[in-house]
Amino acid sequence: MGFSLYFRRLGLFCPNKQEEKAQRHYEERTELCRFSGAKIYPGKGIRFIRSDSQVFLFANSKCKRYFHNRLKPSKLTWTAMYRKQHKKDIAAEAVKKKRRTTKKPYSRSIVGATLEVIQKRRTEKPEVRDAAREAALREIKERIKKTKDEKKAKKAESMAKTQKTQTKGGPKGAGPKGPKLGGGGGKR
């Protein structure tokens, strides 16, 4: 009998490194029952695939039977849905909820404004603030008006140029055309 076989029988056999890693990284993937909400461990449960290819996993035949009989899990006291709706697991929820620590507000400088400037703005009176706002709005309105006037002047200039060119170099017999008559035409 080999040495390793002897240790294996005694239960002292140490597996090689690859097996050890595989054992460490193995996690049990539990799934939840679609009816009761119970945990289903690998190799357990009943899998049902509907005609629309939707997969349902049930913990046992009782859950499967109730599901097919169209019973609502919210009406059965032992399901997770009922317990959640009727707040039966209050102790577990109380542990999960933790109080958030509220951070006390403190002022610090922002890019483009130092702390002194921010403090000055805070302490300044509302009348002064309103006056500054009015002045800024007035300036913006004037700037917009100025650009509009410039655009109008350019447009009038270009219109005058186009009218001059039309009167100089137009065809001799062509006068102003009247409105077009008739329908839109085209295919029906």
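Each value in this text was obtained by applying a stated rule to the coordinates, not by laboratory testing. From a predicted model like this one, the values you see are computed outputs, not experimental measurements.
Odds and ends about this structure:
- Pairs spanning more than 20 Å between alpha-carbon atoms, out of Lys152/Lys180; Lys39/Lys88; Lys44/Lys84: Lys152/Lys180; Lys44/Lys84.
- Taking a ≥ b ≥ c as the square roots of the eigenvalues of the alpha-carbon gyration tensor, region 37-91 is classed prolate because a/c is 1.5 or more and a/b outweighs b/c.
- Note on Gln54 and Ile90: the extension gain reaches 9.7 nm, defined as 0.36 nm multiplied by sequence separation minus the Cα-Cα distance.
- Residues in region 76-81 carry Karplus couplings, in order, of 9, 5, 8, 8, 5, 5 Hz; the curve used is 6.51 cos²θ - 1.76 cosθ + 1.60 with θ = phi - 60°, and Gly or Pro positions show x.
- Global form of region 115-166, assessed from the alpha-carbon gyration tensor, a/c cut-off 1.5: prolate
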